[in-house]
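**Student:** Once you've had a glance at the structure underneath, I'll fire off some questions.
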Amino acid sequence: MITSKWAIPLEQTNSAALGFEPTMGTMRRHPAVLVAELVITAPIVALVLFVLAAAWRGVVPQVPVVLPAVATVALWLYVAWIRWASAWLALTDQRVVLTRGVLSQVQRTIPFKRIQYVGLRQSLLGRLLGFGTMEIGVAGYADPHTFAHVPVRQVRERFLIPVD
């Protein structure tokens with residue numbers, strides 16, 4: 001459950017469906033997305049820390065450089081986590097609710113009776129790490145609704161029915 005003051009817990013979202021229907025489960029993006037964002041942005045944060053340390057000694061020499069460095073790293077980790085946790089998919093007994101966003105939140109409610117197909121696309125890296133893009137084809141829309149970097153095993157367990 002999200003506990004950030006910027007993120008809204010699932011039970012408090014403005015979706016009428018989630019207020020009256022039992023939620024059968026939620027899915028977040030694969031944790032590899034969070035790790036990838038941290039790895040990709042780490043050099044930028046290191047550069048910011050280096051510039052901050054160089055500038056800090058001349059501005060406020062009596063305060064140790066460690067304090068702003070720790071604050072910068074904590075902010076970096078918090079922002080990365082919020083970006084990862086800001087997208088989820090909720091499954092009720094009658095519909096799928098896709099939610100994305102932190103400050104500007106977009107929510108799509110798709111009733112089961114309008115779903116024509118559920119597909120799963122995976123890249124080579126996605127196959128190795130176990131994530132992919134879930135596509136939900138909806139009647140009346142030319143393009144499917146997508147949910148990127150979803151854990152494949154959860155999609156298969158909850159949406160895809162094996163055909164014998």
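The values are calculated or read from the model by the stated rules, or taken from the named source; none is laboratory data. Given the structure is predicted, the values throughout are model-derived calculations rather than measurements. All Cβ positions, glycine included, derive from the backbone under ideal geometry; neighbour counts span all protein chains shown. Heavy atoms of the whole protein, side chains included, go into the accessibility calculation; ligands, DNA and RNA do not. Shrake-Rupley method; radii C 1.70, N 1.55, O 1.52, S 1.80 Å.
**Student:** Do you know which of the residues in segment 114-124 that are within 18 Å of the chain's Cα centre (by Cα) and not in a loop (DSSP other than H, G, I, E, B) is farthest from residue 90 (Cα to Cα)?
**Tutor:** Only one residue fits best here, namely 121.
**Student:** To continue, here is another question. Only one of these is crowded, with 17+ Cβ neighbours inside 10 Å and in contact with a Leu (Cβ under 6 Å, 6 or more places away or on another chain): 85, 80. Name it.
**Tutor:** After applying the criteria, what remains is 80.
**Student:** All but one of (1) more than 23 Å from residue 23 (Cβ to Cβ); (2) touching a helix residue (DSSP H, G or I) at 6+ places or on another chain (Cβ under 8 Å); (3) open to solvent by 40 Å² or more (accessible area, probe 1.4 Å) hold for residue 125; state the number of the condition that does not hold.
**Tutor:** That leaves (2) as the condition not met.
**Student:** Related question: Can you find, within segment 66-96, the residue that is farthest from residue 111 (Cα to Cα) among those that are polar (S, T, N, Q) and over 9 Å from the mean Cα position of the chain (by Cα)?
**Tutor:** 72
**Student:** Could I ask something else about it? Looking at 155, 138, which is the one that is touching a helix residue (DSSP H, G or I) at 6+ places or on another chain (Cβ under 9 Å) and either of a type outside the set (Lys, Arg) or under 26 Å from residue 22 (Cα atoms) (or both)?
**Tutor:** 138
**Student:** May I ask you to say which residue of 102, 106, 96 is touching a strand residue (DSSP E or B) at 6+ places or on another chain (Cβ under 6 Å), aliphatic (A, V, I, L, M) and in contact (Cβ under 8 Å) with a residue 24 or more places away in the chain?
**Tutor:** 96
**Student:** Might you let me know whether segment 128-137 holds any residue that is buried (at least 19 other Cβ atoms within 10 Å of the Cβ) and without any contact (Cβ under 8 Å) to a residue 24 or more places away in the chain?
**Tutor:** Among the residues of segment 128-137, at least one is buried (at least 19 other Cβ atoms within 10 Å of the Cβ) and without any contact (Cβ under 8 Å) to a residue 24 or more places away in the chain, which makes the answer yes.
**Student:** So which of 118, 155 ends up being open to solvent by 10 Å² or more (accessible area, probe 1.4 Å) and of a type outside the set (Asp, Glu)? Spell out how you get there, then give the answer.
**Tutor:** Numbers: 155 fails: open to solvent by 10 Å² or more (accessible area, probe 1.4 Å).
Answer to the check: 118.
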